[in-house]
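Structure record follows, encoded as structure tokens.
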2 protein chains.
Amino acid sequence: MAKRITSIDVAVQAGVSQSTVSRVFSDIEKVAPDKRHRVLEAANQLGYIPNAIARSLTTQRTNIIGIVMANLTSPFYPYVLEKFLQCLRDMEKQTLLFTAAPNQDIDDIIPHIMQHRVDALIVTSATLSTEIVDKCLHYGIPVILFNRYVLNSNANAVCTDNAEGGRDIANLFLDTGHQNIAYIAGQSNVSTNTDREKGFSDRMHERGVTEWLREEGDFFYQSGYDAALRLLTRPDRPDAIFCASDNMALGAIDAARYGLGLRVPDDVSIAGFDDMPMASWPAYQLTTMAQQVDLMVATTIDLMQAKIEDPDSKPVLRLIPGRLVIRGSVRGV
Amino acid sequence: MAKRITSIDVAVQAGVSQSTVSRVFSDIEKVAPDKRHRVLEAANQLGYIPNAIARSLTTQRTNIIGIVMANLTSPFYPYVLEKFLQCLRDMEKQTLLFTAAPNQDIDDIIPHIMQHRVDALIVTSATLSTEIVDKCLHYGIPVILFNRYVLNSNANAVCTDNAEGGRDIANLFLDTGHQNIAYIAGQSNVSTNTDREKGFSDRMHERGVTEWLREEGDFFYQSGYDAALRLLTRPDRPDAIFCASDNMALGAIDAARYGLGLRVPDDVSIAGFDDMPMASWPAYQLTTMAQQVDLMVATTIDLMQAKIEDPDSKPVLRLIPGRLVIRGSVRGV
DNA sequence: TTGAAAGCGATACCAT
DNA sequence: ATGGTATCGCTTTCAA
């Protein structure tokens, strides 16, 4: 490795002061056209690239946004991540990405992130204790929760209206005359699941249905497959299953078809939640409650910007409505 | 936001010098147990978190690894990314992640990354010009290509042995008595495709087959679906299709089944390449050439480490063999 | 407009 | 083992 090129080298080469070089590369300042030209030329000649580390140290801004992702393996999240990366790239921000190790407490990784003094922190599908959120805020790092919320926290949050989505699916099943309905839950301690389930069961009750089957999974494919197998081998086989995630819904469809030789939707209707890319594949044609990812991401970025510009703004929770996407996995529509 | 807490604040509070505080947080140095205790206590009390920016400026190391990813939307890459994140997290390194915008030249985003003085750069499924690689090296930033290689470049590279994989699939089809074989290509200008195709066609020739069908896709699901539709509606319908990616293979299976009512593998055998998670789902049971992602990632990290420790080490290309995974989409095995 | 000089918050070398 | 101090590479006053 050759000697590192700094703005001083460029200054010497261009016959100007180091300050002037700095001004050229921070754009804003006005510097005489001829000098600017000489600086640029010298920089190019020497292969100079400004050092963002040094810049961050003085400006107190890194232009880096931290993103914490829980599970990249579920096909829904890569899409979310991709969107975030696109947005941030367009804003000329860089992205420092973190995943939690299995069973690792998200709270524990935050200090690692804070060491790097990110300008803001986006946390998807994981909750943070109010203490750690406050610690971030204390350091001037806004926190925005994506698809999770914590009441009475100082963190902003953007979330699909999961309860409303659950109600809509209940309506869908009942409107199409299904008699024996089942729900396959995600982990019962995460709000994404509980909200969907709450909306679903509230609406069922409102419409006079007081009993239905329930199995619990973990949002992943295999758990949906297994849960559906348990449900569909019962003597009182359900004729409709609402799965708390698309992933589980696809598993449920495969269990019905390949595990038990049933037809979907003729023998059993299946609905999901998320609308991940595979939901539209011919093999599945899954009817599902779509999360409006693009809108959610854009909203998250907006909240982030607002909070960066006015750190004292009050935290808000933005609920984004889901969109019911009718395909072929629920009969009678 | 309160005043930022620095090591000086901690030093004052603990009644020691700032140097001592620094020593406590950089671990290595020995400092008297009682002082260390006082420092830790003061730090905790003040909510002090060391500033990695300032540290990087003096140590000339950021502990950040840059990763450039081309397409997160293909289900194969999130898995790769997840593995990288895990490995790097275990090494206490942070990850700065970049994706290229559609049609954006990867070369153009490298300077943005270099500004942040990452300790190394991992580039997946994209090539870099030799000039830009040399520029990185000049700045002491090793470059490791993942699943792509550039001959005569100074970048290290880790790649599946795509040619060998292609040969193996040719063997598989011929050993199982298929007569009319077809190949669905990815973009014909990327080495991942050309190597697979080259191995495949070489072996076909070696075994006396000189003619076969060919369609071109883009590695994604839809293109596989469309290409398979074109192939399977020909009068001389192929009885075996080798797809350059699992994604396209799944599309091909769906096209055969749902587009044309054919059975897989009875009417047509289909093989893929990658072994992404869905390949094992009951709906597909795809026979495919698996890329050994864990091994590839580990190898990449090893090369990276070696290059960081000895910047003058010669660049190497590591070929990782694929593993043929026999499931149910090819008949006769 | 331009240059000189004072930080930013650590590390690391040099004394003690 | 501990403290003082120069240093990393920039941005940002302050004067000129």
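The values are calculated or read from the model by the stated rules, or taken from the named source; none is laboratory data. These numbers were taken from a predicted model, which means no experiment stands behind them. As a convention, Cβ positions derive from the backbone with ideal geometry for all residues, glycine included, and neighbour counts pool all protein chains shown.
Which ranges mark the strands (runs of 3 or more DSSP E) fully within region A:199-298 that have 1 or more residues being within 14 Å of another protein chain (Cβ to nearest Cβ) and surrounded by 23 or more Cβ atoms within 10 Å (Cβ to Cβ)?
Where strands (runs of 3 or more DSSP E) fall fully within region A:199-298 and carry at least 1 residues being within 14 Å of another protein chain (Cβ to nearest Cβ) and surrounded by 23 or more Cβ atoms within 10 Å (Cβ to Cβ), they are A:269-274.
Within region B:1-15, how many residues are within 14 Å of another protein chain (Cβ to nearest Cβ) and touching a Leu at 6+ places or on another chain (Cβ under 9 Å)?
3
Condition check: in contact (Cβ under 8 Å) with a residue 40 or more places away in the chain, over 23 Å from A:Asn189 (Cα atoms) and acidic (Asp, Glu). Does A:Asp119 satisfy that?
On the way: in contact (Cβ under 8 Å) with a residue 40 or more places away in the chain: yes; over 23 Å from A:Asn189 (Cα atoms): yes; acidic (Asp, Glu): yes.
Yes, satisfied.
For a quick check of your reading of the model, give me the residue pairs whose first member lies in region B:16-34 and is more than 14 Å from chain A (Cβ to nearest Cβ) and farther than 21 Å from B:Ser56 by Cα, whose second is more than 12 Å from DNA strand C (Cβ to nearest atom) and not small (Gly, Ala, Ser), with beta-carbon atoms closer than 8 Å and at least 6 apart or on different chains.
Matching pairs, first to second residue: B:Val16/B:Lys35; B:Val16/B:Arg38.
Given the conditions (1) under 25 Å from B:Glu92 (Cβ atoms); (2) surrounded by fewer than 16 Cβ atoms within 10 Å (Cβ to Cβ); (3) within 10 Å of chain B (Cβ to nearest Cβ), report the number of the one that A:Phe98 does not fulfil.
(2)
Listed here are the residues, each with its yes/no results for (1) touching a Ser or Thr at 6+ places or on another chain (Cβ under 6 Å); (2) within 14 Å of DNA strand D (Cβ to nearest atom).
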site	(1), (2)
B:Asn44	no, no
B:Ala54	no, yes
B:Thr62	yes, yes
B:Val68	no, no
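Please work out which residue is nearest to the chain's Cα centre (by Cα), limiting yourself to region B:1-38 and to residues that are among the polar types (S, T, N, Q) and within 11 Å of DNA strand D (Cβ to nearest atom). Break it down into steps so the answer makes sense when it comes.
Filtering region B:1-38 down to residues among the polar types (S, T, N, Q) leaves B:6-7, B:13, B:17-20, B:22, B:26.
When the remaining residues are screened for being within 11 Å of DNA strand D (Cβ to nearest atom), the result is B:7, B:17-20, B:22.
Details: B:Ser7: 39, B:Ser17: 46, B:Gln18: 43, B:Ser19: 42, B:Thr20: 42, B:Ser22: 37 Å.
Restricting to residues being among the polar types (S, T, N, Q) and within 11 Å of DNA strand D (Cβ to nearest atom), the top hit is B:Ser22.
Could you check how many residues of region B:54-87 are more than 8 Å from every other protein chain (Cβ to nearest Cβ), surrounded by fewer than 22 Cβ atoms within 10 Å (Cβ to Cβ) and under 18 Å from A:Gly66 (Cα atoms)?
1
Within region B:273-304, track down each residue that is free of Cβ contacts under 8 Å to residues at least 60 places away in the same chain and not charged (D, E, K, R).
Listed by number, the residues that qualify are B:Ala279, B:Ser280, B:Trp281, B:Pro282, B:Ala283, B:Tyr284, B:Gln285, B:Leu286, B:Thr288, B:Ala290, B:Leu295.
Could you pull out every one of the helices (runs of 4 or more DSSP H) wholly within region A:106-190 that has 1 or more residues that are away from every other protein chain (no Cβ under 14 Å), under 30 Å from A:Ser269 (Cα atoms) and modelled with pLDDT of 90 or more?
In region A:106-190, A:162-175 are the helices (runs of 4 or more DSSP H) which contain 1 or more residues that are away from every other protein chain (no Cβ under 14 Å), under 30 Å from A:Ser269 (Cα atoms) and modelled with pLDDT of 90 or more.
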